[in-house]
1. For the range A:1-59, give the magnitude of the charge dipole about the Cα centre (Cβ charges: +1 Lys/Arg, -1 Asp/Glu; no others), in debye to the nearest 20.
2. Roughly speaking, what is the stretch gain from A:Arg121 to A:Ala137, that is 0.36 nm per residue apart minus the C-alpha to C-alpha distance, in nm to one decimal?
3. For chain A, what is the accessible area per residue in Å², given a 1.4 Å probe and the full set of protein chains?
4. Taking all protein chains as present, what is the carbon and sulfur share of the accessible area of the range A:62-147, in % to the nearest whole number, probe 1.4 Å?
5. Describe numerically, in nm with one decimal, the distance between label points set 7 Å from Cα along Cα→Cβ at A:Gln30 and at A:Arg145.
6. Let a ≥ b ≥ c be the square roots of the eigenvalues of the Cα gyration tensor of the range A:16-56; is it rounded (a/c under 1.5), or, if not, prolate (a/b larger than b/c) or oblate?
7. Can you give the Kirkwood hydrodynamic radius for chain A, in Å, rounded to one decimal and based on Cα pairs?
8. Starting from the Cα of A:Asp37, move 7 Å in the Cα-to-Cβ direction to define the label point; list residues of the range A:105-136 whose amide nitrogen is under 18 Å from there.
Amino acid sequence: MKSEPDEASIDHLAHAAHHTLPWTGVRNYQARNFMRDMMQVGDGVLFYHSSCPEPGIAGLAEVSSTAYPDPTQFDKKSPYFDPKSSQETPRWLLVDVVFKKKIPLIPLAALREHEELKDMRVLARGNRLSITPVSEAEWRFIIKRLA
DNA sequence: GCCAACGTTGGC
DNA sequence: GCCAACGTTGGC
């Protein structure tokens, strides 16, 4: 799961109440569907810092809720407000994410060096999804070899 | 700041 | 349903 560290970094997560943050602001249908259809409580999360001086995996977290409506879509003062959404038929969902651990940054360039990770969705050419699946093999490799 | 890549919008 | 225009993402 990608986040801009200016907005929500691994340190923010570590210091949040209950070490938990709602993953607000996803406004892409594919990313939303991953949360809705594929994520379960207890799933591992690679916390990725994007759009920053050192992009890469900065920590480990866990999904701690199933998907539910993102309240910011109803908030006129929020940058994530969506006038086309309604309480009755919410368009955007989120999951809660709980902190597990901070790790020495695994830079994007390091991820790209490993043959084992060449098919990682987040590394695919032109990928713009902020949430992408990680295979079992990719997860194990990152945890054992890089984290 | 640049720019490639991709998603969304909206006219037709 | 097509597709051009536009906006956004995100690494560099």
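The values are calculated or read from the model by the stated rules, or taken from the named source; none is laboratory data. Remember, predicted model here, so these are calculated numbers, not experimental data. Note that each Cβ is placed from the backbone with ideal geometry, even for glycine, and that neighbours are counted across all protein chains shown. Keep in mind that these areas ignore ligands, DNA and RNA; they rest on the heavy atoms of the full protein, side chains included. Shrake-Rupley method; radii C 1.70, N 1.55, O 1.52, S 1.80 Å.
1. It comes to approximately 280 debye.
2. Numbers: separation 16, 0.36 × 16 = 5.76 nm, distance 1.29 nm.
That works out to 4.5 nm of additional length.
3. Details: 8660 Å² over 147 residues.
Per residue, chain A has an accessible area of 59 Å².
4. Details: 2820 of 5530 Å².
Carbon-and-sulfur percentage of accessible area, whole number: 51.
5. 2.5
6. Details: a/c = 1.71, a/b = 1.20, b/c = 1.43.
Oblate is the answer for the range A:16-56, as a/c is 1.5 or above yet b/c matches or exceeds a/b.
7. Numbers: mean 1/r = 0.0632 Å⁻¹.
This gives a value of 15.8 Å.
8. Inside the label zone: A:121-122, A:128-135.
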